[in-house]
Each structure stands twice: as structure tokens, then as C-alpha cells.
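Before any comments, here is the structure.
The values are calculated or read from the model by the stated rules, or taken from the named source; none is laboratory data. These figures come from a predicted structure and were not determined experimentally. Note that we place each Cβ from the backbone using ideal geometry, even for glycine, and neighbour counts take in every protein chain shown.
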Amino acid sequence: MILVTGGAGFIGANFVLDWLALNDEPVINLDKLTYAGNTESLQSLAQDARHTLVQGDIGDRVLVSSLLARHQPRAVVNFAAESHVDRSIHGPGEFIQTNIVGTFNLLESVRGYWQGLSEAPKEVFRFLHVSTDEVYGSLAKDDPAFTESNHLEPNSPYSASKAASDHLVRAWHHTYGLPVLTTNCSNNYGPYHFPEKLIPLMIVNALAGKLLPVYGDGLQIRDWLYVKDHCSAIRRVLEAGRLGETYNVGGWNEKANLEIVHTVCHLLDELRPRADGKPYQDQITSVTDRPGHDRRYAIDARKLERELGWKPLETFESGIRKTVQWYLDNPDWVAHVQSGAYRQWVQKQYHSGG
Ligand code: NAD
Ligand code: DAU
């Protein structure tokens, strides 16, 4: 079996669902169930004996060590993190705690477990750390895309905390020989994406008749990958990645934020036209920019393609259409995540002067 952390979040839930759709190897899912953890995303596994959800913190060494000892996983896939840049600007403390201290404690628990394994399971064991392209910093318009040999130059509390965790993972391999793999992926989108992030926020606000807040000039560029393609890349790296290596994951889909928002509006015009017949883009509004806002990210994923033969299946056009349709088809999931805590966040970020 495998141990997944953060498997009730956006990417982790997609990973667990896809994993169990593709094979029968059981998953222990350790998730703190913060505001971003959502058991409704895993509802289809409620009666499935192959999936066990354990509420807990990656930083809890007693809990993690006992889970490892009891279930003897052949791999740990670490998704657990605080993941939202804007929240890290308002309050970096949780990011330091989970992304750095939590990863440190997780590595120590895993190291203790791995060192105690007998030869055969020790040989096959893997620790896969899921990280982000944001650790590389920001690109100018004509810079080449990030490769694995770029320096880490993080600019936000979130990306600095992720870069720190990447360094810890690297050091645990170099110093203790822990068999680690790291993936650095670009912006994901798709089903079960919490509507604090750009694409789902635009969809839910548009449908609710609210404004669509674009930071600054809206010309910042992100490199978008459909979440299921990220999950397939993680499976492939877990299966065949070289120990101690990092692999960039991306789909060569650079888009300016304004283009993304217009695309979402056009799809909604087609799939769920406004009652008054007007276009959704009338709801777009420019708001105060994010402090320290990275201008451009772009991922060079050729190493993953060359070494492991991975390629994404979705184009941006097919992936974004599926995504908008998923939000239209799942109004209950959307309604339930917009809880009191979510409304407090929206008030703080968009209605209180930032
Ligand atoms: P998310 O915020 O949707 O989910 C994070 C999950 O981790 C939640 O279920 C939360 O409850 C859990 N969690 C938080 N702190 C925890 C702790 N201390 N112990 C155990 N569980 C904890 O995040 P996501 O978008 O699914 O991202 C998952 C991972 O992928 C993160 O490490 C993130 O840095 C990385 N990543 C995200 C993207 C993206 O575009 N979303 C891109 C590249 C990499
Ligand atoms: O690049 C990978 C990263 O992508 C992940 O590591 C992060 O966990 C994930 O949250 C994401 O970070 P971003 O900051 O790029 O994503 P976000 O959806 O918050 O914002 C995308 C872009 O849209 C960014 O340039 C800011 C802008 N934006 C965002 C929001 C929420 C707006 O213009 N308006 C908004 O309301």
C-alpha cells in the first residue's frame, strides 16, 4: 500500500481517486482536514475498503510513525501543504509550520521507518515530495522556461516555505540516503479545486452574479496543467524516477490571467448563458495587485518526457471545458465549500482593502 498526505485537498483527492480507479493497491490518506481538506471530494470512496482516511498532521511524529509501522507502505506521496499564496501573505505562520516544520517531522518519521525496514522493502521504498514551479521565482517575458537546474529564487512566503521543504528533502537524500523524488509542477486546474484559486473563483463568482476580480493589469502569466495530467506524472515518477532527482511537470500552456478569465466567461456564455443575455465578461473588474506578484512562470518539462516518456493528455482547451462543465454539474460540492470560513476569507481578501 501507499501513504498519501494531503489527499483530501485538490490535487491529493484527484490523485487518490485516479490511483484507485487504475489499480487496487490500498491508500492510507493522512490529512489534517484544514479549510482546504474536503471529505466530500472523496465521497465516492466512502464504502471502499481500499481507502482509509486518517485525520492528522504530517508534523505529528507519534501518529505518522505508528501509521508507517502498522501499514508498512512501500511509498509516501507528500501533497500536504498550505498552498494559497494570498493566504501566505496575510499569515505566513501556518506555511512555515506545515510546509517546513511539518515536512521536517515527516521526513524524520519516514527516515526512522525506512531505516528499520529489511533489505527488500528498503530497496523499493520511495518518498515522493510534491512541489511547485513557484520555488524558481519569476521569469521576464523572454526568459527560457524553468529547468530543474534553475536556482531556487522564491518570492512569496508560500514559495519560500515550499523551497525550504524541497531543500530538506534533498538533504535527507544526500545525508541519510533516504530514497526521495521531487516533482515541481506548474499551475493545476480541474475538478475539486477550492474556489479561492483563480479558475474556480472565476467560475463560482460568475455564476453567482458577482464581480470577477483580476489583480493589477491581469497580464501575469501562469503555465496551466490539467490536474489529472499532474497525477499521471506523479505516478510515472514514483514508478521509474531516478532517486534524488527532481522532475519538472508542465504542459507548455502559458496564458495571461485575463485570457484565462475571458475563456471561462466564453465557456459559461455557451454552457450556462446569463438570464439577461449579457456576456459574463461584463463582470470582470480590476482590483489591487497581489504584493510581490510573480510576473511569469513557465515550466520546461522535457526531462520528464525524455527520461520517463511522460506527456500530458489534455490540451488547455479540452481541460478547461471539462473543468467548467464539472463545476456546472456539481452545485452541491460548490455550495458546501462556500462555508462560513470561506465567506470570511472572501471578505478579508476582496472587501476589506486587501
Ligand atoms: P490544497 O490546499 O488544495 O490541499 C492541501 C491539503 O493538505 C488539504 O487537504 C489540507 O487539509 C492538507 N493539509 C494541510 N496541512 C496539513 C498538515 N499539516 N498535515 C496534513 N495535512 C495537511 O493544495 P493542492 O492545490 O491540492 O496542492 C497539493 C500540493 O501540491 C501542495 O504541496 C502544493 O504546494 C503542490 N502544488 C500545487 C499546485 C497547484 O496548482 N494547486 C501546483 C504545483 C504544486
Ligand atoms: O504555480 C503553481 C502554484 O499555482 C501552486 O504552487 C499554488 O499552490 C497554487 O495556488 C498556484 O499559485 P498561483 O498564485 O499562481 O495561483 P492563484 O490561483 O492564486 O492565482 C493565479 C493567478 O491569478 C495569479 O497571477 C494571481 C491571479 N489572481 C488570483 C486570484 C485568486 C487574480 O488575478 N485574481 C484572483 O482573485
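For the list (1) within 16 Å of ligand 2 (Cβ to nearest atom); (2) free of Cβ contacts under 8 Å to residues at least 40 places away in the same chain, I need the number of the one condition that Glu82 fails.
(2)
Applying the selection to the stretch 82-119, what residues are surrounded by fewer than 18 Cβ atoms within 10 Å (Cβ to Cβ), hydrophobic (A, V, I, L, M, F, W, C) and touching a Phe, Trp or Tyr at 6+ places or on another chain (Cβ under 7 Å)?
The one that is surrounded by fewer than 18 Cβ atoms within 10 Å (Cβ to Cβ), hydrophobic (A, V, I, L, M, F, W, C) and touching a Phe, Trp or Tyr at 6+ places or on another chain (Cβ under 7 Å): Leu117.
Residues checked against (1) of a type in the set (S, T, N, Q); (2) touching a helix residue (DSSP H, G or I) at 6+ places or on another chain (Cβ under 6 Å):
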position	(1), (2)
Asn23	yes, no
Ser41	yes, yes
Leu45	no, no
His51	no, yes
Gly59	no, yes
Ala69	no, no
Val76	no, yes
Ala80	no, no
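Please count how many residues of the stretch 187-198 are within 7 Å of ligand 2 (Cβ to nearest atom) and more than 9 Å from the chain's Cα centre (by Cα).
Residues in the stretch 187-198 being within 7 Å of ligand 2 (Cβ to nearest atom) and more than 9 Å from the chain's Cα centre (by Cα): 3 in total.
Hey, could you check the stretch 14-29 for residues that are in contact with a Lys or Arg (Cβ under 7 Å, 6 or more places away or on another chain) and assigned to a helix (DSSP H, G or I) and say which is nearest to Gln55 (Cα to Cα)?
Asn14
Tally time: how many residues in the stretch 1-40 are aliphatic (A, V, I, L, M), in contact with an Asp or Glu (Cβ under 8 Å, 6 or more places away or on another chain) and away from ligand 2 (no atom under 16 Å from the Cβ)?
Here the count works out to 3.
In the stretch 212-253, what count of residues is obtained for those that are in a helix (DSSP H, G or I) and of a type in the set (Val, Ile, Thr)?
Step one: of the stretch 212-253, the residues in a helix (DSSP H, G or I) are 227-240.
Add one more test, that the residue is of a type in the set (Val, Ile, Thr), and what stays is 227, 234, 237.
Within the stretch 212-253, residues that are in a helix (DSSP H, G or I) and of a type in the set (Val, Ile, Thr) number 3.
Go through (1) touching a residue at least 60 places away in the same chain (Cβ under 8 Å); (2) closer than 30 Å to Leu168 by Cα; (3) not aliphatic (A, V, I, L, M) and name the single condition Asp217 misses.
Status for Asp217: all satisfied but (2).
What residue, among those in the stretch 60-86 that are small (Gly, Ala, Ser) and assigned to a helix (DSSP H, G or I), is farthest from ligand 1 (Cβ to nearest atom)?
By that ranking, first place goes to Ala69.
Restricting the search to the stretch 31-59, which residues are free of Cβ contacts under 8 Å to residues at least 12 places away in the same chain and outside any loop (DSSP other than H, G, I, E, B)?
Residue satisfying the conditions is Gln43 alone.
Can you tell me which residues in the stretch 57-81 are surrounded by fewer than 17 Cβ atoms within 10 Å (Cβ to Cβ), out of contact with any Gly (no Cβ under 7 Å at 6 or more places or on another chain), among the aliphatic types (A, V, I, L, M) and within 20 Å of Thr98 (Cα to Cα)?
Across the stretch 57-81, the qualifying residue is only Val62.
Thr323: farther than 25 Å from Asn155 by Cβ and either touching a Pro at 6+ places or on another chain (Cβ under 8 Å) or among the aromatic types (Phe, Trp, Tyr) (or both), yes or no?
yes
What do you reckon, is Thr285 assigned to a strand (DSSP E or B) and under 17 Å from Val264 (Cα atoms)?
On the way: assigned to a strand (DSSP E or B): yes; under 17 Å from Val264 (Cα atoms): yes.
Criteria met by Thr285.
Conditions tested, residue by residue: (1) modelled with pLDDT of 95 or more; (2) in contact with a Ser or Thr (Cβ under 8 Å, 6 or more places away or on another chain); (3) of a type in the set (Gly, Ala, Ser).
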{"position": "Ala140", "(1), (2), (3)": "yes, no, yes"}
{"position": "Phe146", "(1), (2), (3)": "yes, no, no"}
{"position": "Ser149", "(1), (2), (3)": "yes, no, yes"}
{"position": "Asn155", "(1), (2), (3)": "yes, yes, no"}
{"position": "Ser161", "(1), (2), (3)": "yes, yes, yes"}
{"position": "His167", "(1), (2), (3)": "yes, no, no"}
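Scan the stretch 163-178 and tell me whether some residue there is within 12 Å of ligand 1 (Cβ to nearest atom), within 21 Å of Gly7 (Cβ to Cβ), hydroxyl-bearing (Ser, Thr, Tyr) and part of a helix (DSSP H, G or I).
Looking for residues that are within 12 Å of ligand 1 (Cβ to nearest atom), within 21 Å of Gly7 (Cβ to Cβ), hydroxyl-bearing (Ser, Thr, Tyr) and part of a helix (DSSP H, G or I), one finds at least one in the stretch 163-178, hence yes.
Would you confirm whether any residue within the stretch 327-336 is within 24 Å of Asp142 (Cβ to Cβ) and assigned to a helix (DSSP H, G or I)? Can you show your working first?
First, the residues of the stretch 327-336 that are within 24 Å of Asp142 (Cβ to Cβ): none.
No: the stretch 327-336 contains no residue that is within 24 Å of Asp142 (Cβ to Cβ) and assigned to a helix (DSSP H, G or I).
Residue-by-condition table, conditions (1) at pLDDT 95 or above; (2) surrounded by 15 or more Cβ atoms within 10 Å (Cβ to Cβ); (3) touching a His at 6+ places or on another chain (Cβ under 9 Å); (4) hydrophobic (A, V, I, L, M, F, W, C):
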{"site": "Leu258", "(1), (2), (3), (4)": "yes, yes, no, yes"}
{"site": "Asp269", "(1), (2), (3), (4)": "yes, yes, no, no"}
{"site": "Pro273", "(1), (2), (3), (4)": "yes, no, no, no"}
{"site": "Ser286", "(1), (2), (3), (4)": "yes, no, no, no"}
